[in-house]
Amino acid sequence: MDHAQIERINELARKKKTVGLTAQELEEQAALRAQYLKEFRANMEDTLSRVRVEQADGTYKPLVKKDKKN
């Protein structure tokens, strides 16, 4: 996501607080937020995949992703 898209998210958020958004702007805001969250989650998972936890015996093991609970 480039800087211009992040600025647009912020611009729409400010406008929503002051004068409100049109239906088209609400759709644009939702799409931009969804894209931002998707990229954020992908970056976070990539970062966490590189984390290693030191065990009591001095060895390192990778983090294990827990199963989702419904």
Residue 37 - would you say it is at pLDDT below 95 and in a helix (DSSP H, G or I)? no
Residue match in region 26-48 (condition: in contact with a strand residue (DSSP E or B) (Cβ under 6 Å, 6 or more places away or on another chain) and not polar (S, T, N, Q)): no
Quick one: how many residues across region 21-66 are at positive phi and hydroxyl-bearing (Ser, Thr, Tyr)? 0
Tally of residues being open to solvent by 70 Å² or more (accessible area, probe 1.4 Å) and either touching a residue at least 12 places away in the same chain (Cβ under 8 Å) or under 20 Å from the mean Cα position of the chain (by Cα) (or both) across region 15-45: 12
Does residue 12 meet the test of being at pLDDT below 95 and either assigned to a helix (DSSP H, G or I) or surrounded by 10 or more Cβ atoms within 10 Å (Cβ to Cβ) (or both)? no
Being in a helix (DSSP H, G or I) and among the aliphatic types (A, V, I, L, M), is that true of even one residue in region 51-66? no
Go through region 15-62 and give me each residue that's of a type in the set (Phe, Trp, Tyr) and over 24 Å from residue 2 (Cβ atoms). 60
Checking residue 48 against (1) open to solvent by 70 Å² or more (accessible area, probe 1.4 Å); (2) modelled with pLDDT of 95 or more; (3) in a helix (DSSP H, G or I), which test does it fail? (2)
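The values are calculated or read from the model by the stated rules, or taken from the named source; none is laboratory data. Because the structure is predicted, anything quoted here is derived from the model rather than measured. Using ideal geometry, Cβ is built from the backbone for each residue, glycine included, and neighbour counts are taken over all protein chains shown. Ligands, DNA and RNA are stripped out before the accessible areas are found, and what is left, the full protein with its side chains, is counted by its heavy atoms. Shrake-Rupley method; radii C 1.70, N 1.55, O 1.52, S 1.80 Å.
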